[in-house]
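J.: This structure is in structure tokens; I'll ask about it shortly.
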Amino acid sequence: MSKAAPTFTCTACGAATHKWAGRCESCGAWNSIVEEAPLSAGPKGATPRGRVVPLSDLATEEAPPPRAASGIAEFDRVLGGGLVPASAILVGGDPGIGKSTLLLQAAASFARNGLKVIYISGEEAAAQVRMRAQRLGLTEAPVKLGAETALRDILTTLDTERPGLAIIDSIQTLWLDSVEAAPGSVSQVRASVHELVTFAKRRGTAVILVGHVTKDGQIAGPRVVEHMVDTVLYFEGERGHQFRILRAVKNRFGPADEIGVFEMTGAGLAEVLNPSALFLSARDAPASGSAVFAGIEGTRPVLTEIQALVAPSTLGTPRRTVVGLDAGRLSTILAVLDSRVGIPFTGLDVFLNVAGGLRVSEPAADLAVAAALLSAREDVAIPPDMVLFGEISLSGALRPVSQTENRLKEAAKLGFTQAALPARSKHGADAGMRLRELADLTAFTGEMFGAG
Ligand code: TYD
Ligand code: MG
């Protein structure tokens, strides 16, 4: 057998290359490429023929195993309606964002509902986890606690105890003696997660794995193992903000893009059952540059405020600063406003922001973004009781988006009385609000700002 060529892996995104580089070509991270030991080709001298794997039919008489609910509604929804037995779930997020807090609370809730839960911490001593539990008022919950980083010992413990759910905090602390690399390296993290996922499938234990998002190339981030697990959740939020969003980016057992909203309080994470009200509650008095977007996050409508600021630039290349939205999308919308509507933003700095720390990825936000930009540029406020949604095509036309009715219903529930939306949107006869259905951006600009 020829000697395998060395492979290099990006510790941030997991991309593999054949040569080392200072910057990853896939994700653009600096100094994140490390050499990785080649995967073994299996034991030497093994017989070339494998054994026959027993096959079965798709049809079965057995009912699917029931999902376990934690009782934390926001958490269960993001999982797709509860925890699927034998599934592997990865929870990623920045250090200090609240992953351990969330999972300790979830562990306690599952345990109170009768599931056998083991929480293994590789980062904190058992006493520290107990202290946190005390602060959160969870000491009564029958959760079994362990502080360990040796994966072999963890697997033996899990095999003896056979819990319904095992939480491993975090994958970057685990080490497997058969892998010659430091804990946290790509090969250790991959091998450990592979072992845990295999264990989950064989023994029917659900595992939740915590992974820190890292900027440091020495430690592998959760993205290098995303493909191995059933469900990938990211816990996001701004450090200064108290809101935290748990977002499903991959889910074999439920809708992706589902979000759960939490608030970090002195007594741990509290659920936010009506995020629209929360995101809009901090709204300032009606001012120019603000537009309310009626969006859909996963299966639920969520209203958010899009804020824009436009100011004369002193720079040769004006600033384009975006928080919570795609920067490329902003460029597209600015280009459409310039070429199709005749409103240029040349020589102007543009700042765009989604209030409350939410990240919006729907193209349906286009119209609200354009409205906020125009409103800021013209210094004309958008009526405070209006929501907007619709995709902008490159021709300047407005395209209908999905779930028009749900968006309108949520807006009506929160006291909005009018909506700007694309013509030919599908909705019932009585939407309960005044609808301004517009064919294109020029019509919208004419109606809202009296200019074209
Ligand atoms: P933690 O769960 O340790 O984060 P992670 O596991 O993602 O690294 O959360 C730590 C932060 O949460 C810390 O800054 C303090 C804050 N916190 C509260 O505000 N209230 C609480 O009740 C707890 C337990 C933590
Ligand atoms: Mg932690």
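J.: List pairs: first residue in the stretch 207-226 and within 9 Å of G14 (Cα to Cα), second residue away from ligand 1 (no atom under 14 Å from the Cβ) and part of a helix (DSSP H, G or I) anywhere in the structure, Cβ distance under 7 angstrom, at least six positions apart or on different chains.
T.: Cβ pairs passing all conditions: A220/V186; A220/V189; V224/V186; V224/V189; V224/R190; V225/V189; V225/R190; V225/V193.
J.: Another question, then. Pairs, please: C-beta under 8 Å, at least 6 apart or cross-chain, first residue without any contact (Cβ under 8 Å) to a residue 24 or more places away in the chain and in the stretch 111-133, second surrounded by fewer than 20 Cβ atoms within 10 Å (Cβ to Cβ) and of a type outside the set (G, A, S)?
T.: A126/L145; R130/T139; R130/L145
J.: Additional query: Only one residue in G98, G92 is within 12 Å of ligand 1 (Cβ to nearest atom) and touching a Pro at 6+ places or on another chain (Cβ under 7 Å). Which one?
T.: From the options G98, G92, the qualifying one is G92.
J.: Is it true that some residue in the stretch 182-195 is part of a loop (DSSP other than H, G, I, E, B), more than 16 Å from ligand 1 (Cβ to nearest atom), in contact with a helix residue (DSSP H, G or I) (Cβ under 8 Å, 6 or more places away or on another chain) and at pLDDT below 95?
T.: Yes, the stretch 182-195 contains at least one residue that is part of a loop (DSSP other than H, G, I, E, B), more than 16 Å from ligand 1 (Cβ to nearest atom), in contact with a helix residue (DSSP H, G or I) (Cβ under 8 Å, 6 or more places away or on another chain) and at pLDDT below 95.
J.: Give me the residue from the stretch 417-439 that is within 29 Å of the chain's Cα centre (by Cα) and among the small types (G, A, S) and, out of that set, farthest from A370 (Cα to Cα).
T.: S425
J.: Is one or more of the residues making up the stretch 185-200 out of contact with any Pro (no Cβ under 8 Å at 6 or more places or on another chain), hydrophobic (A, V, I, L, M, F, W, C) and within 27 Å of A267 (Cα to Cα)?
T.: no
J.: While we're here: Scanning the stretch 110-138 for residues that are small (G, A, S) and surrounded by 20 or more Cβ atoms within 10 Å (Cβ to Cβ), which turns out farthest from ligand 2 (Cβ to nearest atom)?
T.: Among residues in the stretch 110-138 that are small (G, A, S) and surrounded by 20 or more Cβ atoms within 10 Å (Cβ to Cβ), the one farthest from ligand 2 (Cβ to nearest atom) is A111.
J.: Please work out which residue is surrounded by the fewest Cβ atoms within 10 Å (Cβ to Cβ), limiting yourself to the stretch 347-362 and to residues that are at negative phi and modelled with pLDDT under 95.
T.: S361
J.: Of the numbered conditions (1) away from ligand 2 (no atom under 15 Å from the Cβ); (2) without any contact (Cβ under 8 Å) to a residue 24 or more places away in the chain; (3) out of contact with any helix residue (DSSP H, G or I) (no Cβ under 6 Å at 6 or more places or on another chain), G82 satisfies every one except a single condition; which is it?
T.: Status for G82: all satisfied but (3).
J.: Could you please give the count of residues in the stretch 392-412 that are within 24 Å of A277 (Cα to Cα) and either in contact (Cβ under 8 Å) with a residue 60 or more places away in the chain or touching a Leu at 6+ places or on another chain (Cβ under 7 Å) (or both)?
T.: 9
J.: With the requirement that a residue be farther than 24 Å from P275 by Cα and basic (K, R), what does the stretch 306-359 give you?
T.: Of everything in the stretch 306-359, those that are farther than 24 Å from P275 by Cα and basic (K, R) turn out to be R319, R320, R329, R340.
J.: In addition: Residues that are over 28 Å from G240 (Cβ atoms), crowded, with 21+ Cβ neighbours inside 10 Å and touching a strand residue (DSSP E or B) at 6+ places or on another chain (Cβ under 6 Å): does the stretch 392-404 have at least one?
T.: yes
J.: Among the residues of the stretch 397-405, are any closer than 18 Å to A431 by Cα, of a type in the set (S, T, Y) and outside any loop (DSSP other than H, G, I, E, B)?
T.: So far as the stretch 397-405 goes, yes, one or more of its residues are closer than 18 Å to A431 by Cα, of a type in the set (S, T, Y) and outside any loop (DSSP other than H, G, I, E, B).
J.: Residues in the stretch 351-382 that are within 21 Å of A412 (Cβ to Cβ) and free of Cβ contacts under 8 Å to residues at least 40 places away in the same chain: how many?
T.: Number satisfying all stated conditions: 0.
The values are calculated or read from the model by the stated rules, or taken from the named source; none is laboratory data. Just so we're clear, the structure is a prediction, and the values are computed from it rather than from any experiment. Neighbour counts are summed over all protein chains in view; Cβ atoms, including those assigned to glycine, are modelled from backbone coordinates with ideal geometry.
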